[in-house]
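Heads up: the structure comes next, in structure tokens.
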Amino acid sequence: RGYDSNRIRESLADRNITACIPPKKNRKSKPPYNWHLYKKRHLLENMVAKLKDWRRVATRYDRCAHTFMSAIHIAASVIFWLKE
């Protein structure tokens with residue numbers, strides 16, 4: 001909700017990006033937004049935040065893309081396993 005401004009919405013529209021920002025509660029004209037898309041975006045942001053807790057992923061020690069992606073897969077698997 002902190003990014004709900006007309007300037008940001010216009011910038012996203014200029015780049016053909018669908019804005020999924022919920023409007024602030026005190027906004028007079030509330031533009032529509034896709035609640036399901038916002039929920040998926042929020043889940044993805046939470047997962048990225050949990051991956052950043054892993055030092056190897058956050059600082060990107062690995063030079064090769066496939067090795068870095070392997071580290072992400074291992075970290076995501078452990079995060080999922082610990083969640084259960």
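Computed from the coordinates by the stated procedures, all read-outs in this text should not be read as laboratory data. The structure displayed is predicted, hence computed values, not measured ones. Cβ: placed from backbone, ideal geometry, glycine included. Neighbour counts: every protein chain shown.
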Note the angle between two axes, namely the Cα long axis of helix 65-83 and the longest principal axis of the Cα atoms of the chain, as a number of degrees from 0 to 90, rounded to the nearest 10.
80 degrees
Between H36 and R56, what FRET efficiency comes out of the Förster formula 1/(1 + (r/R0)^6) with R0 = 35 Å and r the beta carbon distance, rounded to 0.05?
0.60
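Give the peptides 69-82, 24-37 in descending order of average Cβ contacts within 10 Å, highest first.
Details: 69-82: 12.4, 24-37: 10.1.
Those peptides, ordered most packed to least, come out 69-82, 24-37.
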Suppose the chain between K83 and L12 were pulled fully straight at 0.36 nm per residue; how much longer would it get relative to their current alpha carbon spacing?
22.1 nm
Give the relative contact order (percent, whole number) for the chain; include only Cα pairs under 8 Å separated by 6+ residues.
17 percent
Euclidean distance of C-alpha centroids, region 66-84 and region 2-56, integer Å:
25 Å
For K39, go through the aspartates and glutamates and keep the ones whose alpha-carbon is under 20 Å away, minus same-chain ones fewer than eight residues off.
D4
